[in-house]
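Some notes on the structure that comes next.
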Amino acid sequence: MSKLGKKIIVLPKESSIKVDGESLLVSGPKGSQKVPFNQKLFTSKTNEKNEFQIVPNDKKLKNISVLWGTYRSLINNAVQGVTKGHEKNLELSGVGFRANIKGDDLVLSLGFSHEVKYKVPKGVSIKVEKQTKLNIVGLDKELVSKTSSEIKSLKPVEPYKAKGIKEKDQYVLRKEGKKK
(Lines give C-alpha, C1' and ligand atoms only; values in the text may rest on other atoms or scores of the structure.)
Protein backbone atom coordinates (compact mmCIF):
# COMPACT_ATOMS: atom_id res chain seq x y z
CA MET A 1 0.00 0.00 0.00
CA SER A 2 1.25 3.44 -0.88
CA LYS A 3 1.29 6.01 1.90
CA LEU A 4 1.22 8.85 -0.59
CA GLY A 5 -1.40 7.26 -2.84
CA LYS A 6 -3.87 6.93 0.05
CA LYS A 7 -3.90 10.69 0.67
CA ILE A 8 -6.91 12.62 -0.53
CA ILE A 9 -6.48 15.57 -2.92
CA VAL A 10 -8.62 18.48 -1.73
CA LEU A 11 -9.92 20.42 -4.72
CA PRO A 12 -10.39 24.18 -4.29
CA LYS A 13 -13.89 25.47 -5.13
CA GLU A 14 -12.81 27.05 -8.42
CA SER A 15 -11.07 23.92 -9.81
CA SER A 16 -12.46 20.69 -11.23
CA ILE A 17 -11.27 17.33 -12.58
CA LYS A 18 -12.89 15.48 -15.49
CA VAL A 19 -11.98 12.06 -16.91
CA ASP A 20 -11.25 12.50 -20.63
CA GLY A 21 -10.41 9.15 -22.23
CA GLU A 22 -6.87 8.15 -21.20
CA SER A 23 -6.23 11.40 -19.32
CA LEU A 24 -7.63 13.68 -16.65
CA LEU A 25 -8.47 17.27 -17.50
CA VAL A 26 -7.72 19.50 -14.51
CA SER A 27 -9.08 23.03 -14.85
CA GLY A 28 -8.89 26.04 -12.58
CA PRO A 29 -8.63 29.83 -12.55
CA LYS A 30 -5.12 29.92 -14.11
CA GLY A 31 -5.91 27.49 -16.94
CA SER A 32 -6.25 23.79 -17.64
CA GLN A 33 -3.83 20.90 -17.80
CA LYS A 34 -4.01 17.28 -18.98
CA VAL A 35 -2.57 14.51 -16.83
CA PRO A 36 -2.10 10.96 -18.21
CA PHE A 37 -4.29 8.47 -16.33
CA ASN A 38 -4.49 4.69 -16.79
CA GLN A 39 -8.08 3.60 -16.17
CA LYS A 40 -7.11 -0.09 -16.40
CA LEU A 41 -5.10 0.24 -13.18
CA PHE A 42 -6.99 2.94 -11.25
CA THR A 43 -10.47 4.31 -10.68
CA SER A 44 -11.17 7.86 -9.61
CA LYS A 45 -13.64 9.08 -7.01
CA THR A 46 -14.91 12.55 -6.17
CA ASN A 47 -17.16 13.11 -3.15
CA GLU A 48 -19.51 15.94 -2.16
CA LYS A 49 -16.79 17.67 -0.09
CA ASN A 50 -14.89 18.28 -3.36
CA GLU A 51 -12.20 15.72 -2.48
CA PHE A 52 -10.58 13.62 -5.20
CA GLN A 53 -9.01 10.21 -4.73
CA ILE A 54 -7.64 7.46 -6.95
CA VAL A 55 -7.94 3.80 -5.93
CA PRO A 56 -6.18 0.84 -7.59
CA ASN A 57 -8.39 -1.77 -9.27
CA ASP A 58 -6.13 -4.68 -8.30
CA LYS A 59 -4.14 -4.21 -5.07
CA LYS A 60 -2.37 -7.57 -5.52
CA LEU A 61 0.02 -6.33 -8.24
CA LYS A 62 3.55 -5.62 -7.01
CA ASN A 63 4.29 -2.30 -8.72
CA ILE A 64 0.82 -0.84 -8.25
CA SER A 65 1.76 1.06 -5.05
CA VAL A 66 4.64 2.82 -6.82
CA LEU A 67 2.40 3.87 -9.69
CA TRP A 68 -0.37 4.81 -7.26
CA GLY A 69 1.83 7.34 -5.45
CA THR A 70 3.24 8.66 -8.73
CA TYR A 71 -0.17 9.24 -10.32
CA ARG A 72 -1.44 10.89 -7.14
CA SER A 73 1.56 13.26 -7.10
CA LEU A 74 1.12 14.16 -10.77
CA ILE A 75 -2.57 14.94 -10.25
CA ASN A 76 -1.84 16.96 -7.09
CA ASN A 77 0.86 18.99 -8.92
CA ALA A 78 -1.61 19.70 -11.73
CA VAL A 79 -4.27 20.86 -9.24
CA GLN A 80 -1.77 23.16 -7.52
CA GLY A 81 -0.58 24.45 -10.91
CA VAL A 82 -4.01 25.46 -12.18
CA THR A 83 -5.00 27.11 -8.87
CA LYS A 84 -1.81 28.79 -7.61
CA GLY A 85 0.83 28.08 -10.25
CA HIS A 86 4.41 26.91 -9.75
CA GLU A 87 7.32 29.29 -9.26
CA LYS A 88 11.12 29.15 -9.10
CA ASN A 89 13.39 32.08 -8.21
CA LEU A 90 16.97 32.25 -9.52
CA GLU A 91 19.78 34.61 -8.56
CA LEU A 92 22.80 35.61 -10.64
CA SER A 93 25.87 36.31 -8.53
CA GLY A 94 29.07 37.62 -10.05
CA VAL A 95 30.58 40.85 -11.32
CA GLY A 96 28.82 41.92 -14.52
CA PHE A 97 26.25 39.12 -14.47
CA ARG A 98 22.95 40.43 -15.89
CA ALA A 99 19.73 39.17 -17.42
CA ASN A 100 17.33 40.80 -19.91
CA ILE A 101 14.26 39.66 -21.82
CA LYS A 102 14.26 40.38 -25.57
CA GLY A 103 11.15 39.03 -27.28
CA ASP A 104 10.96 35.29 -26.58
CA ASP A 105 14.61 35.05 -25.55
CA LEU A 106 16.29 35.43 -22.19
CA VAL A 107 19.63 37.16 -22.78
CA LEU A 108 22.25 36.52 -20.10
CA SER A 109 25.63 38.18 -19.59
CA LEU A 110 27.57 35.58 -17.62
CA GLY A 111 31.18 36.67 -17.90
CA PHE A 112 31.77 34.99 -21.24
CA SER A 113 33.02 36.86 -24.30
CA HIS A 114 29.49 36.68 -25.72
CA GLU A 115 25.93 36.94 -24.46
CA VAL A 116 24.06 33.69 -23.89
CA LYS A 117 20.55 33.48 -25.37
CA TYR A 118 18.00 31.06 -23.90
CA LYS A 119 14.74 30.43 -25.77
CA VAL A 120 11.86 30.56 -23.27
CA PRO A 121 9.56 27.52 -23.77
CA LYS A 122 5.80 27.89 -24.22
CA GLY A 123 3.85 27.51 -20.97
CA VAL A 124 6.51 29.30 -18.91
CA SER A 125 6.92 33.01 -18.28
CA ILE A 126 10.15 34.54 -17.03
CA LYS A 127 10.25 37.90 -15.29
CA VAL A 128 13.49 39.74 -14.64
CA GLU A 129 13.35 41.48 -11.28
CA LYS A 130 16.30 43.85 -11.03
CA GLN A 131 19.04 42.53 -13.34
CA THR A 132 20.22 39.68 -11.16
CA LYS A 133 16.96 38.03 -10.11
CA LEU A 134 14.81 35.79 -12.31
CA ASN A 135 11.28 34.61 -11.56
CA ILE A 136 10.09 31.54 -13.51
CA VAL A 137 6.32 30.93 -13.38
CA GLY A 138 4.07 28.35 -15.04
CA LEU A 139 1.28 25.80 -14.65
CA ASP A 140 3.35 22.65 -15.22
CA LYS A 141 5.73 21.88 -12.34
CA GLU A 142 7.91 19.66 -14.51
CA LEU A 143 8.34 22.33 -17.18
CA VAL A 144 9.11 25.08 -14.64
CA SER A 145 11.72 22.89 -12.91
CA LYS A 146 13.26 21.83 -16.23
CA THR A 147 13.52 25.45 -17.39
CA SER A 148 15.11 26.44 -14.09
CA SER A 149 17.59 23.58 -14.33
CA GLU A 150 18.57 24.44 -17.92
CA ILE A 151 19.19 28.09 -16.99
CA LYS A 152 21.26 27.07 -13.96
CA SER A 153 23.36 24.75 -16.13
CA LEU A 154 24.44 27.69 -18.33
CA LYS A 155 26.75 28.89 -15.52
CA PRO A 156 26.85 26.53 -12.51
CA VAL A 157 27.90 27.99 -9.17
CA GLU A 158 31.62 27.53 -8.61
CA PRO A 159 32.74 26.67 -5.05
CA TYR A 160 35.49 29.28 -4.51
CA LYS A 161 33.72 32.62 -4.95
CA ALA A 162 30.13 31.28 -5.41
CA LYS A 163 29.80 32.95 -8.82
CA GLY A 164 27.09 31.62 -11.12
CA ILE A 165 23.35 31.03 -11.27
CA LYS A 166 21.68 29.49 -8.24
CA GLU A 167 18.22 29.12 -6.76
CA LYS A 168 17.11 31.52 -4.08
CA ASP A 169 18.24 30.29 -0.64
CA GLN A 170 20.37 27.50 -2.17
CA TYR A 171 23.34 26.69 0.04
CA VAL A 172 26.69 26.68 -1.76
CA LEU A 173 29.47 24.69 -0.14
CA ARG A 174 32.47 27.03 -0.27
CA LYS A 175 36.05 25.81 -0.59
CA GLU A 176 39.11 27.46 0.83
CA GLY A 177 41.46 28.97 -1.74
CA LYS A 178 45.25 28.76 -2.00
CA LYS A 179 47.37 29.58 1.03
CA LYS A 180 50.73 31.30 0.83
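Please return the ranges of strands (runs of 3 or more DSSP E) entirely within the range 58-120 where 2 or more residues are in the same structural domain as Tyr160 (by TED's automatic domain parsing), over 30 Å from Pro12 (Cβ atoms) and over 23 Å from the mean Cα position of the chain (by Cα).
Numbers: elements: 86-93, 98-102, 105-109, 116-119.
The strands (runs of 3 or more DSSP E) meeting that bar are 98-102.
Residue-wise test of (1) under 30 Å from Ser32 (Cβ atoms); (2) modelled with pLDDT of 90 or more; (3) not β-branched (Val, Ile, Thr).
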{"position": "Ile75", "(1), (2), (3)": "yes, no, no"}
{"position": "Lys88", "(1), (2), (3)": "yes, yes, yes"}
{"position": "Asp104", "(1), (2), (3)": "yes, no, yes"}
{"position": "Pro121", "(1), (2), (3)": "yes, yes, yes"}
{"position": "Thr132", "(1), (2), (3)": "no, no, no"}
{"position": "Val137", "(1), (2), (3)": "yes, yes, no"}
{"position": "Ser145", "(1), (2), (3)": "yes, yes, yes"}
{"position": "Lys166", "(1), (2), (3)": "no, no, yes"}
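Only a single criterion out of (1) touching a residue at least 24 places away in the same chain (Cβ under 8 Å); (2) among the β-branched types (Val, Ile, Thr); (3) in contact with a Leu (Cβ under 9 Å, 6 or more places away or on another chain) is not satisfied by Val66, namely (3).
Inside the range 59-105, can you point out the residues that are out of contact with any helix residue (DSSP H, G or I) (no Cβ under 8 Å at 6 or more places or on another chain) and among the polar types (S, T, N, Q)? Result: Asn63, Thr70, Asn76, Thr83, Asn89, Ser93, Asn100. If you go through the range 101-129 and keep only what is acidic (Asp, Glu) and within 26 Å of Glu158 (Cβ to Cβ), you end up with Asp105, Glu115, Glu129.
Of the set (1) closer than 14 Å to Leu106 by Cβ; (2) among the β-branched types (Val, Ile, Thr); (3) in a loop (DSSP other than H, G, I, E, B), all apply to Ile126 but (3). Which of the residues that make up the range 130-173 are loosely packed, with under 11 Cβ neighbours inside 10 Å and either charged (D, E, K, R) or assigned to a strand (DSSP E or B) (or both)? Within the range 130-173, Lys130, Asp169 meet the criteria. Cβ separations smaller than 8 Å between residues 6+ apart or across chains give no pair from the range 139-150 residues that are more than 24 Å from Gly164 (Cβ to Cβ) to residues that are of a type in the set (Asp, Glu) and not in a helix (DSSP H, G or I).
The values are calculated or read from the model by the stated rules, or taken from the named source; none is laboratory data. Predicted model, so just to flag it, every value in this text is computed and none were measured. Glycine also receives a Cβ, built like all others from the backbone with ideal geometry; neighbour counts cover every protein chain displayed.
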